[in-house]
Structures are given as structure tokens and as C-alpha cells.
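Here is the structure we will look at.
The values are calculated or read from the model by the stated rules, or taken from the named source; none is laboratory data. Predicted model only: the values in this text are computed from it and were never measured. Neighbour counts run over all protein chains shown; Cβ positions are idealised from the backbone, glycine included. Heavy atoms of the whole protein, side chains included, go into the accessibility calculation; ligands, DNA and RNA do not. Shrake-Rupley method; radii C 1.70, N 1.55, O 1.52, S 1.80 Å.
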Amino acid sequence: MGNFQLKLVLLLFTVCAALSTLSTAQDFKCSAQTAARCQALVGYLPPNKTTISEIQSLFTVKNLRSILGANNFPPGTPRNFSVPAQKPIKVPIHCICSNGTGVSDKVPVYTVKKDDGLDFIARTIFGQLLKYQKIVEANNISNPDLIQIGQNLTIPLPCSCDDVDNAKVVHYAHVVEEGSSFALIAQKFGTDRDTLMKLNGIHDDSKLIAGEPLDVPLKACNSSIRADSFDNYLRVANGTYTFTANSCVKCQCDATNNWTLQCEPSQFQPSSPNSRWKTCPSMLCGDSESLSIGNTTTSNNCNRTTCEYAGYNNLSILTTLNSLSTCPK
């Protein structure tokens, strides 16, 4: 083999290796059981000024209130609420784990427009949350240069469902900013430098690449939701809220409440088209005629009993009584 041919082979090998690295660089580890599902978040950087409604449509989010809760915006925030360009917005996604990694579960779905290219869709339309090779893999595209106007593409966003250090977390895909460091990111999101490095398999700030998504674990509140509940996967990060039980229940997480999920009636009517409920079911605890989800009673001035949300099924909203003694020992 001549020198020219040898150099060509080495060049091709180098290019292939680089492409392979690009196609796997954004995998978030997910060692949870096969087909495990959970809620996760991605940090979207809109390329231009936009609205909450347009972000909802782009990411195929069913309920606008899901985005409002993830960003702790007031529930009454209008659909046309303006979002400046490059302002990070947390977008909730459903995550599914398979073969050791996690990706968004069949959404978002993006419809190709005139002059779109896969790299433009990945880098610009979806704010660098993934590289175009991931779209190629997810959609079995044989030629990345040949996509059609009107073609629907599944966008596989990175996510995870794993616990971190035996604690429940909400995994957040954060696009690294120029000049950032693990210490700065950890401080911003309430975690620590070593946890971030271990989770992402990176052990040096110099390997932190601006514009790449980083897996950031946001600590979630503990809850009383049962394993047999339809929303047993529910995890709510500190400083956020969400609606569950067909939008009948609002749950929020506040670290100052001893990392305990606080739920209460939402005052909304059931929103799921597949629900059997025409109105929200009773949220009373046990045989109580007055104690419902979110209510607390105190006896002897120091024994406190709270009616907590425990999940839901086809027929009812589940509750449980939780008693806590604050009496001096």
C-alpha cells in the first residue's frame, strides 16, 4: 500500500471515529430497568424571541401548564407570554430508558420546512440539545442530505430516569455556556461538582464543552405516591410544581418544607380526554368528612396529621394520612 493510500485510510478512520464520537457524545446514562419511564427536563435556548405557546408546540407538550410549572410561572400565565432569544426555558419531557441510555419517548416530532437541514434543526431549532446524528439514528435516515419538506422527524432528546446517590432526582439537560465550569453549574442548580463529573463521566473542566448538553440532577421532593398509582413515576424538582391526576391535583416541591411534596386540589376540571372522570373525584382522607388533600390538623398542640396525595387510578384519587409529632422529647 502506497503512502497516499495509507494516509487516505488513516484519514477515513479518523473521520469515522470523530463521527462516532459525535453520535454518542450526548447519551445520558440510564441504567434503570428496561423500558423504565419518568419525567425529565431539557433546557431550551430559543434562537429568536418566541412565546410559551410556540415552545409548547415545538416540543409537542400536551399541556401548557406543564411548562408553566417546570419554570414556576404563575398558573394563569397567558399562552402568548413572551420569551426572549437565548433565555433558557425548562421543558418537561417523558423519558424512556433502553440499552443503558435515556431519550425522550417518541416526542418531540418536528415537521421539516423549506431550507431545513438536519444540522440546522439540531443546532438552531432545538437549541443544541442534540446533534444531527441522533436524528439520523432515531429516524433511520439513509442519506442525511436528503430530507423532504413535510417529513415528520422524531427528535430524541437526552434524558435519564436514574436515582443519584440513592436520591430521587429530576434529570435536567443543561446546555453548557461559554466560560462555565462544573463548580459554577453545581452552584447554580443546587448540586455538587463531584456528582456532576461522575454522572457525566467527565473529570476535568477543560473537557466541558460549550454548547453540549450536560446531565444535571435536580433534587426532587419525597412523596407518598403509591407504586400502583398511574403516576408512580412523578418527580417534582425543588422550586417547581406540576399537575397530576388528570389535572385535578397540583403538587409543588419546596426545600423549606423538609423536602416533602405538597399537593392540593387544583380547582381545575379533569383535562385528560381518556379519563372516565367528568368531575374530579373526592379527595377526602379515609372516613374523614373534612380532612382532604393538603389539609392539616393539630391535636394536643404538637401532634400534626396531614392528608397527603398518594396517587390515582381509573376510579379514584388515592390519599393517606401522615402523622408527625412535634412534641418536645
Original post:
One-quarter of the Cα convex hull surface for the chain, in nm²?
Top reply: 22.3 nm²
Original post:
By how many nm would the segment from Arg37 to Gln148 lengthen if fully extended, with 0.36 nm per residue of separation less the alpha-carbon distance?
Top reply: 36.8 nm
Subject >> Accessible area in square angstrom per residue, the range 54-194, 1.4 angstrom probe >> reply: 51 Å²
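Arrange the residues Ser142, Ser272 by how much accessible surface each exposes, largest first, with a 1.4 angstrom probe.
Ranking Ser142, Ser272 by accessible area, largest first, yields Ser142, Ser272.
Can you give me the % of accessible surface on the chain that is carbon or sulfur? Probe 1.4 Å, all protein chains present, nothing else counted. Numbers along the way, then the final one.
Values: 9050 of 18160 Å².
Exposed carbon and sulfur together represent 50 percent of the surface.
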**OP:** On the full set of protein chains, 1.4 Å probe, figure out the accessible area of Phe189 and give it in Å² to the nearest 10.
**Re:** 30 Å²
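Using a cut-off of 12 Å between beta-carbons, work out the net charge of the residues near Cys253 (Lys and Arg +1, Asp and Glu -1, Cys253 not included).
Working: positive: Lys168, Lys219, Arg235, Lys250; negative: Asp254.
Result for the local shell: +3.
Send over a whole-number figure in Å² for the accessible area per residue of the range 205-282, probe 1.4 Å.
Values: 4000 Å² over 78 residues.
Heavy-atom SASA per residue in the range 205-282 reads 51 Å².
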